[in-house]
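Inspection log for the structure reproduced underneath, given as structure tokens.
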Amino acid sequence: MPTPPDSALEEGTCFVVMGFGKKTDFETGRVLDLDQSYLNLIKPAVEAADLKCIRADEIVHSGLIDVPMYEQLLKADVVVADVSTSNRNAIYELGVRHALRPYTTVIIAEEQMMKSPFFDLNHIVIRSYRHLGEDIGVSEAKRFTTELTAAIKEIMAKEPQLRADSPVYQFIKRLTPPSITEETREVLHRATPAHSELMARVDEAQKEGDWVKAKILLEEIREMRKANPSQEAVSGQPATSLEDPYILQRLALATYKSQYPTPEEAFKAARDVLKLLEPQTSNDTETLGLWGSLHKGLWKLTKESSYLDEAVRAYERGFYLRNDYYNGINYAYLLNERAAHPVGYAEAIADFVQARRVRQEVISICNQWLALNPPAAQPPAGSKLAVIRYWVLATLAPPLPKNG
């Protein structure tokens, strides 16, 4: 294997460029759990190629995450870029990598994105995989992991002049890749623990149902990301625009689930967190689902009609963006609730009729899902697909009769 251009980094490092958590692909309306892509496809493939796998949330850093991230884009032996859901950050970082390094960049994407790739990616090799939305099928994980491992090993085995994959260096001949000085490198490596350690503790706390602990940890992670006092000056952006939507979404969830100090105060505190993501105009279905859920909770606690109206709007937008059973059944349920507490007769009839129409659409969506995922292919108990099957069947079940 040829010697990497800089021995200061450990030989055999792969930096993964991609989104985190669940992201909506607005081309198809599907929501993909990109963490599943990372854990089930990318990381096993990279490690099978004898490389150390690093994603941005695993970087050990101090202050502004951008500094070590750009260093990885420059110095990592291999970069794997997953551009699924047309993630803006991932595509930008891929462009930076192509500008910095002539070779050893592998691009992957979920197969449905391949139907309408960006113009500038049309002439670049993109390896595709199939995502089921919440999980990755076992056979697909095995197939794609093998393919990706082989691709990484192949580009690492070639001589530098034979493995160019950056269009920048292909079209602009004799361009010299940049480098960093030893003095700069010493500054970059003055580090503190990565926030991935804290995120692992958040996951553990959630599994244990300790939402107060999860909330405290997420608040700590949020403060870590904003710890650099020069962040606003460096970026030229207001501080609120530098918030991580994924962290804010998880913090909002943990906040209202904690029910601390009271359920109503917890819901209102979560609402204040989500306001930073502008839910009234957002097209992020995760944000809309959380916004709808917490306002549904406030409605149940207070019976204030403004909360019910806000929940209806959130689930309505989420349903028509995502076309899914979760937003749909909540939308229909809340329409029926509003019809039972009408401002006027005409409004009650309108909500009742709309709820009925939405329920018919939800039934169709659930039946389509079951047709594509027959019982013969039922996943193991406890897996994400098994959980989805449970909720699909629960959604189709008739409501229990009310006493009296």
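The values are calculated or read from the model by the stated rules, or taken from the named source; none is laboratory data. Everything numeric in this text was worked out from a predicted model, so none of it was measured. With ideal geometry, Cβ positions are generated from the backbone for all residues, glycine too; neighbour counts draw on all protein chains shown. Just the protein is used for accessible areas: all its heavy atoms, side chains included, with ligands, DNA and RNA removed. Shrake-Rupley method; radii C 1.70, N 1.55, O 1.52, S 1.80 Å.
Return the residues of the stretch 333-348 that are of a type outside the set (Asp, Glu) and either open to solvent by less than 80 Å² (accessible area, probe 1.4 Å) or closer than 14 Å to Trp299 by Cβ (or both); say none if nothing qualifies. Please lay out each step first, then the result.
Kept after step one, since they are of a type outside the set (Asp, Glu), are these residues of the stretch 333-348: 333-336, 338-346, 348.
Of everything in the stretch 333-348, those that are of a type outside the set (Asp, Glu) and either open to solvent by less than 80 Å² (accessible area, probe 1.4 Å) or closer than 14 Å to Trp299 by Cβ (or both) turn out to be Tyr333, Leu334, Leu335, Asn336, Arg338, Ala339, Ala340, His341, Pro342, Gly344, Ala346, Ala348.
Can Ser139 be described as polar (S, T, N, Q), loosely packed, with under 14 Cβ neighbours inside 10 Å and modelled with pLDDT of 85 or more?
Numbers: polar (S, T, N, Q): yes; loosely packed, with under 14 Cβ neighbours inside 10 Å: yes; modelled with pLDDT of 85 or more: yes.
Considered against the rule, which asks whether it is polar (S, T, N, Q), loosely packed, with under 14 Cβ neighbours inside 10 Å and modelled with pLDDT of 85 or more, Ser139 comes out as yes.
Which numbered condition trips up Glu134, out of (1) within 22 Å of Pro44 (Cβ to Cβ); (2) modelled with pLDDT of 85 or more; (3) of a type outside the set (Gly, Ala, Ser)?
Glu134 satisfies every listed condition except (2).
Among the residues of the stretch 142-160 satisfying the criterion of being acidic (Asp, Glu) and not in a loop (DSSP other than H, G, I, E, B), which is surrounded by the fewest Cβ atoms within 10 Å (Cβ to Cβ)? I'd like the intermediate steps shown before the answer.
First, pick out the residues of the stretch 142-160 that are acidic (Asp, Glu): 147, 154, 159.
So of that shortlist, the ones also not in a loop (DSSP other than H, G, I, E, B) come out as 147, 154.
On the way: Glu147: 16, Glu154: 12.
The qualifying residue surrounded by the fewest Cβ atoms within 10 Å (Cβ to Cβ) is Glu154.
Any residue at all in the stretch 34-56 that's at pLDDT 85 or above, in contact with a Lys or Arg (Cβ under 8 Å, 6 or more places away or on another chain), farther than 16 Å from Thr105 by Cβ and not in a helix (DSSP H, G or I)?
No, every residue in the stretch 34-56 fails to be at pLDDT 85 or above, in contact with a Lys or Arg (Cβ under 8 Å, 6 or more places away or on another chain), farther than 16 Å from Thr105 by Cβ and not in a helix (DSSP H, G or I).
Here's a check for you: in the stretch 239-298, which residue that is β-branched (Val, Ile, Thr) and without any contact (Cβ under 8 Å) to a residue 12 or more places away in the chain is farthest from Glu219 (Cα to Cα)?
So the first thing to find is which residues in the stretch 239-298 are β-branched (Val, Ile, Thr), and the list is 240, 247, 255, 262, 273, 281, 285, 287.
Adding the requirement that they be without any contact (Cβ under 8 Å) to a residue 12 or more places away in the chain leaves 262, 281.
Working: Thr262: 19, Thr281: 25 Å.
Among those residues, the one meeting the criterion is Thr281.
Out of the stretch 249-291, which residues are crowded, with 19+ Cβ neighbours inside 10 Å, under 19 Å from the mean Cα position of the chain (by Cα) and over 20 Å from Lys207 (Cβ atoms)?
Once the filter is applied, which keeps residues that are crowded, with 19+ Cβ neighbours inside 10 Å, under 19 Å from the mean Cα position of the chain (by Cα) and over 20 Å from Lys207 (Cβ atoms), the stretch 249-291 yields Val273, Leu274, Leu277, Pro279, Asp284, Thr285, Thr287, Leu288, Gly289, Trp291.
Considering only the stretch 297-332, state which residues are outside any helix (DSSP H, G or I) and crowded, with 18+ Cβ neighbours inside 10 Å.
Asp324
Pairs under 9 Å by beta carbon, first residue free of Cβ contacts under 8 Å to residues at least 60 places away in the same chain in the stretch 363-374, partner outside any helix (DSSP H, G or I) and open to solvent by 50 Å² or more (accessible area, probe 1.4 Å), six or more apart or different chains?
Hits for this filter: Ile365/Asn323; Asn373/Leu132.
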